[in-house]
1. Arrange the peptides 48-61, 88-101 so that the one whose residues have, on average, the most other Cβ atoms within 10 Å appears first.
2. Students often check this: by mean Cβ neighbours within 10 Å, which of 102-115, 31-44 ranks highest, and how do the rest follow?
3. Take the alpha-carbon centre of the stretch 91-112, take the same for the stretch 29-62, and report the distance between them in whole Å.
Amino acid sequence: MVGDDLGEDPDRLLVIGPNPAANLLDPMTKRTYGRTKSGKPIDDELIEKLTDEADVGYDVDEIIARRGKRGRPRLGSAPSTVESVRLDPELKERLARRAEDEGVPVSEIIREALRQHLEAS
């Protein structure tokens, strides 16, 4: 980032950056560097807070404990696999209607039908 006096107003800076509309900044305007995943603006205050947190250090055990809580829940005793099948349009429509009527995902209807078929064999 390059700062330069514009001459007529010494309190304004010319900032060369990726956004041409933001090249003229008022010193009272809070500078942001994007947003977090949750939408919170990343500003100098947040960067300072995160830097202080990193300087203190992190509890590795706490970070590792949080890892296991991510992702989809298991459907059985082991990780699930994804299988693909071809459905003709009529069967796909019937499947979608059934799932909607029962208020469950299409995949649950398929799993239940497959279980029943295999148990009947």
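1. 88-101, 48-61
2. The densest-packed peptide leads the list: 102-115, 31-44.
3. So the two Cα centres are separated by 44 Å.
None of the figures in this text is laboratory data; all of them are computed from the coordinates on show. All figures in this text were calculated on a predicted structure; none of them were measured in a lab. Counting neighbours? That spans all protein chains shown, and the Cβs are built from the backbone with ideal geometry, glycine included.
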